[in-house]
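In what follows, a structure is listed as structure tokens, so that the remarks can point back to it.
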Amino acid sequence: MIETNVYILFHIHKDLEEPCTEEVKILGVYSSETTATEARERYKKLYGFDGYPEECFMIDKYEVDVDSNFTTGFVSWIEAT
């Protein structure tokens, strides 16, 4: 059976120098939640990442070959305000 999902590991935190912004890093794309979790544990020990709490590391599951985001377009922040 072919896996139809991928698991993306992100590191997300508030940018203290720029209010109202987040810094987002995609750390990797994995074939299973287990391998993504193992990668998170490795990253948590690395310099620069080691000072951030667990909640800054996020794993999201995405289905392959499916339009899952912005399927009706998007509105910019300027347009929304």
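Overview of values
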quantity: Accessible surface of the chain [probe 1.4 Å, protein heavy atoms]: carbon and sulfur percent; calculated: 56 percent
quantity: 14 Å beta-carbon shell around N5, net charge (K/R +1, D/E -1); calculated: -4
quantity: Local electrostatic count, L27, Cβ distance below 11 Å [Lys/Arg +1, Asp/Glu -1]; calculated: +4
quantity: Nearest-10 value in Å² for the accessible area of E54, using the 1.4 Å probe; calculated: 80 Å²
quantity: 5 angstrom amide H check on Y30, placed H, neighbours 5+ away; calculated: Y7, I8, L9
quantity: Residue among I12, V64, L46 farthest towards the positive dipole end of segment 4-72, charges placed on Cβ; calculated: L46
quantity: Per-residue ³J(HN,Hα) for segment 65-74, Karplus 6.51 cos²θ - 1.76 cosθ + 1.60, θ = phi - 60°, Hz, x for Gly and Pro; calculated: 6, 10, 6, 10, 10, 6, 6, 10, x, 8
quantity: Charge dipole (debye, nearest 20) of the chain; +1 at Cβ of Lys and Arg, -1 at Cβ of Asp and Glu; calculated: 260 debye
quantity: Mean separation of Cα contacts under 8 Å (6+ apart) over length of the chain, as relative contact order %; calculated: 35 percent
quantity: Accessible surface, the chain, averaged per residue in Å² (probe 1.4 Å); calculated: 82 Å²
quantity: Neighbourhood charge, 15 Å Cβ-Cβ cut-off, centred on F57 and excluding it, Lys, Arg +1 and Asp, Glu -1; calculated: -2
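The values are calculated or read from the model by the stated rules, or taken from the named source; none is laboratory data. Predicted, not measured: the structure shown is a model, and the values here were computed from it. When we count neighbours, we look across all protein chains shown, and the Cβ atoms used for this are built from the backbone with ideal geometry, even at glycine. For accessibility, only protein heavy atoms count, side chains too; no ligands or nucleic acids. Shrake-Rupley method; radii C 1.70, N 1.55, O 1.52, S 1.80 Å.
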